[in-house]
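Participant: My structure is below; once you've seen it, I'll send some questions.
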Amino acid sequence: AIFQPCPQIVYWESGGGELRRRKMLTAHVRMANAYNTMDGPHFQSITMKFKAKEAIDPKTLRFINQLLPTEGSSHTMFVPVSMLMCRVPLVHKDARVLVALS
C-alpha cells in the first residue's frame, strides 16, 4: 500500500518552563477536497520524541500546525482527523493521483 495509517499525533510542547502534552484529534480541513496534505517528518520521529518526553522542535511543530490547524476560515470545516503517511515521496503533490488512489 502506498499509504500507511499513522497513530494519532501525540507530542510534548514546551512553554513557560514546562512540558505540555498535546494530542491531535481534530483539525480544520479544506472543504474543497476534505483533506490536508504536506511534506513532513516520519511520524515515528514524533512518536520517539514523545516517548523520550522531549519537546518537539519548532520545524516539526510548524508542520503539525499547518497539517492539522486548530484555527479555520470560511473555506474549512472542523472535523475529527485520521492521518496517513505516504511511502512514495511527493505523491501528495498531484491531486489526480490522490483522487485515483482514494
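The values are calculated or read from the model by the stated rules, or taken from the named source; none is laboratory data. Just so you know, these numbers come straight off a predicted model, no measurement behind them. Cβ: placed from backbone, ideal geometry, glycine included. Neighbour counts: every protein chain shown. To get the accessible areas, we keep the full protein, side chains included, count just its heavy atoms, and leave off ligands, DNA and RNA. Shrake-Rupley method; radii C 1.70, N 1.55, O 1.52, S 1.80 Å.
Participant: Tell me, rounded to the nearest percent, the portion of alpha carbon pairs in the chain spaced more than 21 Å apart.
Facilitator: So the portion of pairs separated by more than 21 Å is 38 percent.
Participant: Obtain the radius of gyration and the Kirkwood radius of the stretch 1-61 from its C-alpha atoms and give Rg over Rh.
Facilitator: Ratio of gyration radius to Kirkwood radius for the stretch 1-61: 1.01.
Participant: Let me ask another. So, with +1 on the Cβ of K and R and -1 on the Cβ of D and E, and no other charges, what is the size of the charge dipole of the chain about its Cα centre, to the nearest 20 debye?
Facilitator: So the magnitude is around 160 debye.
Participant: Compute the distribution of all C-alpha to C-alpha distances in the stretch 33-82, in bins of 10 Å from 0, and list the percent of pairs in each, rounded to whole numbers.
Facilitator: Reading the bins upward from 0: 20, 48, 26, 5.
Participant: Would you mind pulling out the separation of the Cα centroids of the stretch 2-30 and the stretch 45-93, in Å?
Facilitator: The stretch 2-30 and the stretch 45-93 have Cα centres spaced 7 Å from each other.
Participant: For residue 76, what residues show an amide H to amide H distance below 5 Å, using hydrogens built from the backbone and excluding near sequence neighbours?
Facilitator: Placed amide hydrogens put 31 under 5 Å from residue 76.
Participant: Let me ask something else. Could you order 81, 97 so the one with the most accessible surface comes first? Probe is 1.4 Å.
Facilitator: Working: 81 25, 97 55 Å².
Reading off the accessible areas and sorting them downward yields 97, 81.
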